[in-house]
Amino acid sequence: MSSKTKYIFVTGGVTSSLGKGIISASLAKLLQARGLSVTIQKLDPYINVDPGTLNPYEHGECYVTDDGAETDLDLGHYERFLNVNTSQDNNVTTGKIYQSVINRERRGDYLGKTVQVIPHITNEIKDHIIQLGKDDSYDVVITEIGGTVGDIESLPFIESIRQLKWDLPGKVLFVHLTLIPYLSTSGELKTKPTQHSVKTLLEYGIQPDILVCRTEYHLDSDLRKKIALFCNVEQKCVIESIDAKTIYEVPLLMKEEKLDEVVCEKLSLLGKNHYELKKWEKFLNHLSEPERITEIALIGKYVELKDSYISIAESLIHAGAENKTRVNIHWIHSSEMEGENIKNQLSKMDGIIVAPGFGSRAVEGKISAVKFARENQVPFLGICLGMQCAVIEFARNVIGFKEAHSTEINSDTSYPVISMMEEQKELKNLGGTMRLGAYDCHVEKDSLLHKIYENDVISERHRHRYEFNNKYMKDFEENGVVFSGKNKANNLMETIEIPDHPWFIGVQYHPEYKSRVVNPHPLFISFIKAALTHQTNAVDSLSTVNP
Ligand code: GLN
């Protein structure tokens, strides 16, 4: 086993949604800022092999890595915080573990043995954890265990990390995230749920080294002393995690609480004493003191659960800070895009995004929103299905192909302007079979896209089955559409733009997967800039009407 790498396991207790992903990413950020190389992994206890087949209402966005893994949305936080890429190995589910054990069993790899949770499942889990530390490429691997301690389904993961403490003496640290609820009737913070949660962990043989306590109010030293005493940890290992205004503040709050210091001390990690956080702090300054406000409509069909579009929302925050503006996202359900409502809602917007998605539900609303943006010169960004809707709208309303559609939605359409890729037609399984991961895209000189990326070749991530149908390319070009980004190897049109419009771009790929705090995505930066210009022009035109 690896000689250098240290392993930190982050578990959660009391309730779900305490933000283990953000705490893990914040700790990783601090260690990285002190010169250590860090990666983060998420272990998910559900039985789906990956979250690719999960409805966004169930689990939020499915995040896609460069190597085409469909993963948990926490990996997006890891990449955005650390500015490093993750991969297939960074997200492991119970389904993936069982699939590989069962495949081995069928191959006869277990030589007639009874295959059991312990040791076969737990060994497989341990192998996946250790895998990231092989080759000594990281000083630290942080592994977040999904779910809440005490859940039946996370037991094999908890058992595996208990064993690892013995397999890797001196190299393993347990961080437990809990909640200290505030009872308004008695005006008190309560430690009992945390005590119970730690007891549950102790029953499984795990003594947490550090407790990170989510709280609405500051923990005074008496309370910290009490938690330390009852939970068997040193007082300096009781870390307060107070509610923050933005997730991006959490690394600095954790730094104040000296979380990274205790981690370095306990694992004998030689982190530098100064922190490389200049860019991060500059971003936070811009975020907290915006000079303007930008109103952006995000049109999708999963808007009730904002996590469904989390990478787009975060990309807008990054790009807003870069433009010194606060982006106010208006989450609009595409089914609302009908009749007068379209104008009523969209005319107040500085920019319009039509979101990715699958299936026919509420797609006409998305197409109507594109029409409004195109006709009213409002900056427009269409992502994946959003780009496909832009193609359909243009075909119907400009070229005159009234019945134009995507074959995903109407397989009999007389104008299949978006159709299934040839290689997709043979596939029967839904899981992991889309066009996934990073592909090179050639950018046409003199296009808006080229101005934005300042590059001839870019690489962006994909997740879709359908494509622009090249049969109709001429019709679009003759009517003023420019296909500014192309996958030359497969002759696929990756982007469209309308030069006759102030800012109208549709991208078949997902730029939102690549925006990072210290490296905001150029497409979103440019989109927000265009939205600000649109806003200024709108104000100017109002003042000329009413001098
Ligand atoms: N449903 C479309 C396709 O499969 C778009 C997918 C998406 O928006 N991610 O091509």
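Of note:
- Search result, residues across the range 466-484 that are within 16 Å of the ligand (Cβ to nearest atom) and assigned to a strand (DSSP E or B): 466, 467, 468
- Verdict on residue 23 being surrounded by 24 or more Cβ atoms within 10 Å (Cβ to Cβ) and more than 20 Å from the chain's Cα centre (by Cα): no
- Looking only at the range 10-20, and only at residues there that are on the phi < 0 side of the Ramachandran plot and under 21 Å from the mean Cα position of the chain (by Cα), the one that is most open to solvent (accessible area, probe 1.4 Å): 16
- Residue satisfying condition, being open to solvent by 50 Å² or more (accessible area, probe 1.4 Å), at pLDDT 95 or above and away from the ligand (no atom under 16 Å from the Cβ), within set 296, 342, 332, 317: 317
- Filter result (more than 33 Å from the chain's Cα centre (by Cα) and in a loop (DSSP other than H, G, I, E, B)) within the range 171-204: 184, 185, 186, 187
- Some residue of the range 58-73 being β-branched (Val, Ile, Thr) and over 25 Å from residue 465 (Cβ atoms): no
- Which listed residue, of 275, 302, is within 16 Å of the ligand (Cβ to nearest atom) and of a type in the set (Phe, Trp, Tyr): 302
- Restricting attention to the range 106-118, the residues being under 19 Å from residue 159 (Cα atoms) and either of a type in the set (A, V, I, L, M) or in contact with a Lys or Arg (Cβ under 9 Å, 6 or more places away or on another chain) (or both) number 3.
- Residues satisfying the stated conditions in the range 71-83, i.e. open to solvent by 10 Å² or more (accessible area, probe 1.4 Å) and at pLDDT 95 or above: 77, 83
- Any hit, the range 330-348, residues being within 21 Å of residue 79 (Cβ to Cβ) and free of Cβ contacts under 8 Å to residues at least 60 places away in the same chain: no
- One residue stands out in the range 271-293 among those that are free of Cβ contacts under 8 Å to residues at least 60 places away in the same chain and of a type in the set (A, V, I, L, M): the one that is surrounded by the fewest Cβ atoms within 10 Å (Cβ to Cβ), namely 293.
- Residue list for the range 496-532, restricted to those being small (Gly, Ala, Ser) and either at positive phi or within 16 Å of the ligand (Cβ to nearest atom) (or both): 506
- Exactly one residue out of 152, 158, 145 is free of Cβ contacts under 8 Å to residues at least 24 places away in the same chain, within 25 Å of residue 194 (Cα to Cα) and either of a type outside the set (S, T, N, Q) or open to solvent by 30 Å² or more (accessible area, probe 1.4 Å) (or both), and it is 152.
- Just one residue in the set 505, 496 is out of contact with any Ser or Thr (no Cβ under 7 Å at 6 or more places or on another chain), part of a strand (DSSP E or B) and touching a residue at least 40 places away in the same chain (Cβ under 8 Å); that residue is 496.
- Residues of the range 210-233 classified as out of contact with any Ser or Thr (no Cβ under 8 Å at 6 or more places or on another chain) and either within 11 Å of residue 190 (Cα to Cα) or open to solvent by 80 Å² or more (accessible area, probe 1.4 Å) (or both), total: 9
- Residue match in the range 137-148 (condition: farther than 26 Å from residue 19 by Cα and at pLDDT below 95): yes
- Of all residues making up the range 454-465, the number that are more than 16 Å from the ligand (Cβ to nearest atom) and open to solvent by 30 Å² or more (accessible area, probe 1.4 Å): 5
- Qualifying residue in the range 45-60 (condition: closer than 20 Å to residue 511 by Cβ and either more than 15 Å from the chain's Cα centre (by Cα) or outside any helix (DSSP H, G or I) (or both)): yes
- Some residue of the range 221-230 being without any contact (Cβ under 8 Å) to a residue 24 or more places away in the chain and in a loop (DSSP other than H, G, I, E, B): no
- Just one residue in the set 369, 355 is near the ligand (Cβ under 10 Å from one of its atoms), at pLDDT 95 or above and open to solvent by less than 10 Å² (accessible area, probe 1.4 Å); that residue is 355.
The values are calculated or read from the model by the stated rules, or taken from the named source; none is laboratory data. This is a predicted model, so every value here is computed, not measured. Positions of Cβ are backbone-derived with ideal geometry, glycine not excepted, and every protein chain shown enters the neighbour counts. Side chains are part of the model used for accessible areas, which takes the heavy atoms of the whole protein and leaves out ligands, DNA and RNA. Shrake-Rupley method; radii C 1.70, N 1.55, O 1.52, S 1.80 Å.
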